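Please read the structure below before turning to the comments.
The values are calculated or read from the model by the stated rules, or taken from the named source; none is laboratory data. The shown structure was predicted, so the numbers you read here are calculated from the model rather than taken from an experiment. As a convention, Cβ positions derive from the backbone with ideal geometry for all residues, glycine included, and neighbour counts pool all protein chains shown. Surface accessibility is based on the protein's heavy atoms, side chains included, excluding ligands, DNA and RNA. Shrake-Rupley method; radii C 1.70, N 1.55, O 1.52, S 1.80 Å.
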Amino acid sequence: MRKYYAWFIVCILGTAALIASCSGDNDDDEYTPVSPVNVDLSTVPYAKLSDYKFFEGDMKLQNPSLGVLPYEPISQLFTDYAHKKRFVWMPKGVKATYNGDGKILEFPTGSVIIKTFYYDNVQPSNTTRIMETRLLIKKADGWIFAEYIWNDEQTEANLVTEGGYREISFINEYGNLKSVNYRFPSNGECLTCHKMTDKAIPIGPKPQNLNNNYTFADGSKNQLAKWVEMGYLDSNYPAQINTVVDWKDTSKPLETRVRSYIDINCAHCHQEGSHCSYRPMRFAFSESTTNTNLGVCMTPQDPLNDGTSAIVSPGRIARSALNSRLNTSDESIRMPLLGRSLVHEEAVTMIQEWINSLPNCN
């Protein structure tokens, strides 16, 4: 009997020791939550947005799942006054690297950039409506596009490749009623803007566009620092970055605001290797420090026959082709070529103020 009792005590003590060792204070033994995100590069793009599991709970609320990081460029691309929510996700164990202040981060294979377009104050019910979610997915041989259009119930978004249209009326952030036949781009149209030497690329995630504070769920932090904290960016980027400004911030110099706006809205086409590289303008923030690259006093290659005499004619709005192209919805002459059908009135006002501030060509 004593032998069996002693054996029982040894078993109890051994079990207790095992439990204690498993529940110790060693951080390496703590449970690490796993992201539910599902991105199988051999089968993407999926038929439904929900298949990726980028969002938790009600998908229309756009609450990011574990590992899905929100971000926001300092100055943002205009798309017929649509609001946008942007996120990035990367597989565990890989990270992006710095490639220059004004160059797209070098993203690892498996990365996904997520961009949702929506309107508030949609008429007549004054509600919020999500229009589309665009994905850029980095495969081993490069980026692919995946365009998802949301259903009327706002419960799901389905993959499309040929684009489409939807009429919508809304009150914009400036309190003005607007109506637009909203364009969902085809894959070919996406490539028009999102390309460098005919290879698909992202546009917005550059250090110059992310070097500012953003309010995350756990507080405000510099976006680049947050990417490092998440393990999404190597920390080897420089301490000083040539950074754009928010074009709407009137406390900033007018020229810097204009250059920041033109960078995010025009530079993806007006740079070497891009869609409009044959044009003389170079609108990237790092290149627009010279008036020549901005088109000031430069003769347009294709005159508009509307009285314009220069791409930018100092002090003469009506003689400036840049103003004519921005201040129209005419599809044959408007700029940018794609992505808008409405005039960005507030930005045009700023551009006109800048043109009027310039000294004459002599």
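Side notes on the structure shown:
- Counting only residues that are open to solvent by 70 Å² or more (accessible area, probe 1.4 Å), over 18 Å from R134 (Cα atoms) and part of a strand (DSSP E or B), segment 154-178 holds 2 of them.
- When segment 208-227 is filtered for residues that are under 16 Å from R86 (Cα atoms) and in contact with a Ser or Thr (Cβ under 6 Å, 6 or more places away or on another chain), the ones remaining, listed by number, are N211, N213.
- Restricting the first member to segment 179-204 and to residues that are under 24 Å from S260 (Cβ atoms) and open to solvent by 20 Å² or more (accessible area, probe 1.4 Å), and the second to residues that are modelled with pLDDT of 90 or more and not in a strand (DSSP E or B), the beta-carbon pairs closer than 7 Å and six or more apart or on different chains are I201/I104.
- Residue in segment 300-308 that is within 32 Å of the chain's Cα centre (by Cα) and either within 20 Å of L77 (Cα to Cα) or outside any loop (DSSP other than H, G, I, E, B) (or both) present: no
- Unique residue being among the small types (G, A, S), at pLDDT 85 or above and surrounded by fewer than 20 Cβ atoms within 10 Å (Cβ to Cβ) when the list is S277, S235, S286: S235
- Boolean, F8 is modelled with pLDDT of 70 or more and among the aromatic types (F, W, Y): no
- Test: residue in segment 336-343 that is under 24 Å from A82 (Cβ atoms), touching a Phe, Trp or Tyr at 6+ places or on another chain (Cβ under 7 Å) and not in a loop (DSSP other than H, G, I, E, B): no
- Residue count for segment 127-149, restricted to those that are part of a strand (DSSP E or B) and either more than 19 Å from S186 (Cβ to Cβ) or free of Cβ contacts under 8 Å to residues at least 12 places away in the same chain (or both): 6
- Within segment 326-359, the residues that satisfy the criterion of being of a type outside the set (A, V, I, L, M), modelled with pLDDT of 90 or more and either in contact with an Asp or Glu (Cβ under 9 Å, 6 or more places away or on another chain) or open to solvent by less than 50 Å² (accessible area, probe 1.4 Å) (or both) are N327, T328, S341, H344, E346, Q352, W354, S357.
- Residue satisfying all of: in segment 97-126; within 17 Å of K138 (Cα to Cα) and in a strand (DSSP E or B); most open to solvent (accessible area, probe 1.4 Å) among these: E106
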